[in-house]
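Engineer: My structure is below; once you've seen it, I'll send some questions.
Please treat every number below as a calculation from the coordinates, not as lab data. Please read these numbers as outputs of a predicted model, since none were measured by experiment. Cβ placement follows ideal geometry from the backbone for every residue including glycine, while neighbour counts extend to all protein chains displayed.
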Amino acid sequence: MIQSMTGFGKHVIQLPAKKITIELKSLNSKSLDLNARMPPAYREKELELRKVIASSLIRGKIDFGLYVEFTGGETSAEINEAAVRHYMERLRSIADGDDVRLLEMALRLPDALITAREDLDEEEYKTIQLALQEALLEINKFRSEEGSVLEKDFQERISTLEGLLDKVLKMDPDRTATIRERLEKAVNDLQIDIDANRFEQELIYYLEKYDITEEKVRLANHLDYFAKTLKSEDSNGKKLGFITQEIGREINTIGSKANYAPMQQLVVQMKDELEKIKEQMLNVL
């Protein structure tokens, strides 16, 4: 069963003095592109968390966020008095203002507050790990649901391509006869004597160049292989992409050999369906 690379997962932990939110967002990408946002106190665990996310989501442009909101009365931030006094003196030397106004301005400047670095509590980290697993379950569920929609769309388009190929098969005898009649008429219009046997040999050689038997067989096989791969247990976006390329190659060859307007119209319809598959394929894991 295929999965989409688009997804969202979120889980919230409520601790005695803080609320921690884990968020995961993913979009399509050729490889794994993981961007992590978290407070400095949790950075020491970033590599470990990245490995867990990568092993679960495998591919895609992933945004991982770990957000902390303090809900208790305690805070680890303190005013850097020396820096604030220095800022106020410098501000007073270049602009007039009362101390309250200068203090407000100084507190907005860098290093006005000092945040004491706290060691990450191991019990809290275990809770974060469990929350991450919950968020991963949610985003993978989202991806699977999106994948089901994509799978249904692919099945319908492959079925359409098979129907168009069937029309090509039924049309091929008329195409060959039309090409033969066209060549015979062109020779007759020349009003010259020709060797009938030699003409027949050249005609057969010419028609062989426009024969699409191999292309029809290979295209049918590729369509069948695509449908079977679609039903496999794992999501094989890259493999399906390769099969799509082979389908396109056979359709293009049939179009170049057709030399028959009704068949070329069918080829245009096949190319249109294939382009829609390619567009959606970019989002398959």
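Engineer: Just to be sure I understand: with springs between alpha-carbon atoms less than 10 Å apart, which residue in 47, 57, 137 has the highest mean-square fluctuation in the Gaussian network model of the chain?
Structural biologist: 47
Engineer: Right, here's the next one. Per-residue counts of other Cβ atoms within 10 Å, averaged by peptide: what ranking do you get for 251-257, 79-85, 58-64, highest first? Intermediate results must be reported in sequence, preceding the final value.
Structural biologist: Working: 251-257: 17.7, 79-85: 13.9, 58-64: 20.1.
Packing order, densest peptide first, comes out as 58-64, 251-257, 79-85.
Engineer: Looking at this model, which pairs from 209/238; 167/216; 141/276; 167/231; 152/228 are more than 23 angstrom apart at the alpha-carbon?
Structural biologist: Details: 209/238 33 Å; 167/216 11 Å; 141/276 25 Å; 167/231 26 Å; 152/228 13 Å.
From the list (209/238; 167/216; 141/276; 167/231; 152/228), the Cα-Cα distance tops 23 Å for 209/238; 141/276; 167/231.
Engineer: In whole Å, what is the distance between the alpha-carbon centres of the range 98-113 and the range 17-45?
Structural biologist: 32
Engineer: Can you show me the helix-derived [θ] at 222 nm for the chain, built from DSSP H runs with n ≥ 4 at -39,500 (n - 2.57) apiece and divided by the number of residues, rounded to the nearest 500. Kindly include the intermediate steps, with their values, before the conclusion.
Structural biologist: Numbers: 8 runs with 179 residues, N = 285.
After summing the helix terms and dividing by residue count, I get -22000 deg cm²/dmol.
Engineer: Would you mind calculating the relative contact order of the range 47-170 from Cα pairs under 8 angstrom and at least 6 residues apart, reporting the percent as a whole number?
Structural biologist: 28
Engineer: Here is a further query. For labels at residue 31 and residue 155 in the simple 7 Å Cα→Cβ model, what's the distance in nm?
Structural biologist: Each label point is offset 7 Å from its Cα along the Cβ direction, giving 3.5 nm.
Engineer: Could you work out the relative contact order of the range 147-281? I mean the mean sequence separation of Cα pairs under 8 Å and 6+ apart, divided by the number of residues, in percent.
Structural biologist: 37
Engineer: How much FRET efficiency would the formula 1/(1 + (r/R0)^6) give for residue 92 and residue 70, where r is the Cβ-Cβ distance and R0 is 30 Å, rounded to 0.05?
Structural biologist: It comes out at approximately 0.35.
Engineer: While we're here: Highest mean first, what order results for 130-136, 164-170 on Cβ atoms within 10 Å?
Structural biologist: Those peptides, ordered most packed to least, come out 130-136, 164-170.
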